[in-house]
Amino acid sequence: MTLPVPRLLLLACALLTVLLVPATAMAKSTKRTYPVIKKVTPLKIAVGGKLTIKGTGFKAGKGVNSVVFKRDGKPAVFVKSGLSTKKKIYVTVPDKLAAFLGSDSEGAAVPTRFRLRVLASRFSKNFTSSKLSPIVKPKAGSSSTPAGTYQQCQDKAKVTPDVDVDGDGLTNGTELAYGIDPCSADTDGDGMIDGYEFYSAKDLNGAAIPYPGRRPWPNPLDSSDGKWDFDGDGLLLSWEYKLWKSVGGSFPLTAYSDGTQQTGGLVPASTPAQQALDLDGDGKLTDDERDADGDGLSNIVEFMYRGTIVWWTDVYLNEKPYTPATFYELDATIADTDGDGVLDGADDQDHDGYDNYTEMERDRAQVHLRVQPYNPCLPNPHSPTCSRYHPPTNSWPPWDATQQAGDETPFIWPRPSIASGLNAWDGLGGP
């Protein structure tokens, strides 16, 4: 039976509607929205107090949004938020804002209105209006801050372009030319000085120009850039900054720039110690493979690889973490993290008789046992620090393997001989 043409048209239109609605909904769901500030409390607050900002378009998490404080006619001050939801931000008014307060005829600081703007996935389109802009006053109990100090610094910066007033590695003239604050070593308040971010960007892209927004390179005007790895060596910008500081923190950047994987030039892995750090075996050491604190472990191992607890839990999703004890983690800028006189590479996190070098860099050490530097039962289930008691089911390794009825020791591991003692282990077998 042939349907009349009008009915065919109606069916076609209905089908088209069904197809278009999901596409439209998907477009709306993937569209990035601008942050919008709808309410700020309290509207009168002292330096050091906590503001609550309500609105939409924020990012959920801690330190993932930045609140920009702006006094009319003065540079913007970037401040990382505290714990936030998509509709609410908590932020502490920083002490450095005191330098931006207005002053009376005698130079004493007075309450001053600051307009706000939020940087989440995008910048909010505008600063807040007067009714949504809090008035900030000096911290309670503190002496009045001479507001003239900041202005004097600004005036000095303008007449001394070849001087670095704030000591951040950039001359006053360079900072003024690019909109960076010559009187603040850390303009965006992200914990990294302006010069480090500026020159890392130059290493990555010689034409990189600071801009008050996000750019795909290190930026002294972007408070969120510390969580990215711009040069792709596995080290975040904030980690490389920490490493740079630990080895002297000098300019130009001859060590640990996040704009190049081989800061300061090629470092060949020519000595046995260097060859031990060469994770990919290509005969050279990139920034991630180098050993800033000289403890025998590569930087990347201590920051995010086998030297961290989370690496083991992320890679082996079905393994239950060892629970009878809590272990500390290493630091790529500290050679002896626990202060016992043994360098971290030669130390033994879980006290099972296998040093960190062996358990954290297994491939290089040619160890073919089932190791875990935060589980004293691996690779030796009879080590002196392996717990004598563990759950009969859903236990941590190596008791996560199939067990014989009534047997607390996995059958894949050999029992120690009576003559060798309770904790002895002959090292045979095992996965």
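Of all the residues in the stretch 172-192, those that are among the aliphatic types (A, V, I, L, M) and under 16 Å from the mean Cα position of the chain (by Cα) number 1.
Scanning the stretch 195-228 for residues that are open to solvent by 50 Å² or more (accessible area, probe 1.4 Å) and closer than 20 Å to TYR305 by Cβ turns up LYS227, TRP228. Regarding LYS137, is this residue open to solvent by 50 Å² or more (accessible area, probe 1.4 Å), at pLDDT 85 or above and under 28 Å from VAL64 (Cβ atoms)? So LYS137 does not fit the description; no.
The set of residues in the stretch 236-256 that are over 13 Å from ALA292 (Cα atoms) and surrounded by 22 or more Cβ atoms within 10 Å (Cβ to Cβ) comprises LEU237, LEU253. Taking every residue in the stretch 72-96 that is closer than 19 Å to ASN219 by Cβ and part of a loop (DSSP other than H, G, I, E, B) and pairing it with any residue that is β-branched (Val, Ile, Thr) and open to solvent by less than 40 Å² (accessible area, probe 1.4 Å), at least 6 positions away or on another chain, the pairs with Cβ-Cβ distances below 8 Å are PRO75/THR187; ALA76/VAL68; SER81/VAL64; SER81/VAL67; SER81/ILE89; SER81/VAL91.
If you go through the stretch 186-211 and keep only what is assigned to a loop (DSSP other than H, G, I, E, B) and within 23 Å of ASN65 (Cβ to Cβ), you end up with ASP186, THR187, ASP188, GLY189, ASP190, GLY191, MET192, ILE193, PRO210, TYR211. All of (1) in a helix (DSSP H, G or I); (2) closer than 20 Å to GLY63 by Cα; (3) not acidic (Asp, Glu) hold for ALA177 with one exception: (2). Here is a check on your reading of the model: is ASP348 modelled with pLDDT of 90 or more, closer than 30 Å to PRO392 by Cβ, open to solvent by less than 30 Å² (accessible area, probe 1.4 Å) and out of contact with any Ser or Thr (no Cβ under 8 Å at 6 or more places or on another chain)? For ASP348, the condition - modelled with pLDDT of 90 or more, closer than 30 Å to PRO392 by Cβ, open to solvent by less than 30 Å² (accessible area, probe 1.4 Å) and out of contact with any Ser or Thr (no Cβ under 8 Å at 6 or more places or on another chain) - is met.
The values are calculated or read from the model by the stated rules, or taken from the named source; none is laboratory data. Note that this is a predicted model, so its numbers are computed, not measured. Here Cβ is always computed from backbone atoms with ideal geometry, including for glycine, and neighbour counts include all displayed protein chains. Quick note on the areas: whole protein, heavy atoms, side chains included, nothing else; ligands and nucleic acids left out. Shrake-Rupley method; radii C 1.70, N 1.55, O 1.52, S 1.80 Å.
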